[in-house]
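Readers should treat all values here as calculations from the given coordinates under stated rules, not as data from a laboratory. Model, not experiment: these values are computed from the prediction. Heads up, the Cβs are rebuilt from the backbone with ideal geometry, glycines too, and the neighbour counts pull from every protein chain shown.
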Amino acid sequence: MPDVSPPDYNTPAATLKRLRLLSRLLDKVVAIPGTPIALGLDPILGLIPVGGDVLGIILSSYIVIEAARLGIPKKTLSKMVVNILIDTLVGAIPVLGDIFDFGWKANEYNLKLIEQHLNFPR
């Protein structure tokens, strides 16, 4: 009888796949036809007073936590936290912050930092 054990969802490849999906969902889930602009849930959540920003921080922090589990160096994790802080602090400014959220893709930037480390380990 063949071994039919469940897949391991904690491998680096599986984790990276999950993080890519979450990053895409938060930053680029819907492309605006005919433009290079894509929107995600993060700027949409930012339109909800207080609660939307808190939920955005929680979802973005998950990416950092998973990056730490993958062994990403503290220096890179710090850059990732700064990206989230920029997104949160500027995003909290009424109107200007909402516009900023459409252009600043903190989760995408953080995913690139993870991929750089995994592809080019020191």
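Observations on the structure shown:
- Close amide-amide hydrogen proximity is noted between residue 38 and 32, each under 5 Å apart and 5 or more residues distant or on a separate chain (H modeled in the peptide plane; Pro and chain starts excluded).
- Short-range pairs are left out: with C-alpha atoms under 8 Å and at least six residues apart, the relative contact order of the chain is 24 percent.
- Extended-chain gain in nm, criterion 0.36 nm per residue less alpha-carbon gap, residue 98 and residue 54: 14.4 nm
- Kyte-Doolittle mean at least 0.0 and Cα axial length at least 24 Å: DSSP H helices in the chain: 51-69, 74-91
- Ordering of 59-66, 87-94, 72-79 by packing [mean C-beta count within 10 Å, highest first]: 59-66, 87-94, 72-79
- Number of Lys pairs (Cα under 19 Å; 8 or more positions apart or on different chains) in the chain: 9
- The convex hull built on the alpha-carbon positions of the chain has an orientation-averaged projected area of 10.1 nm².
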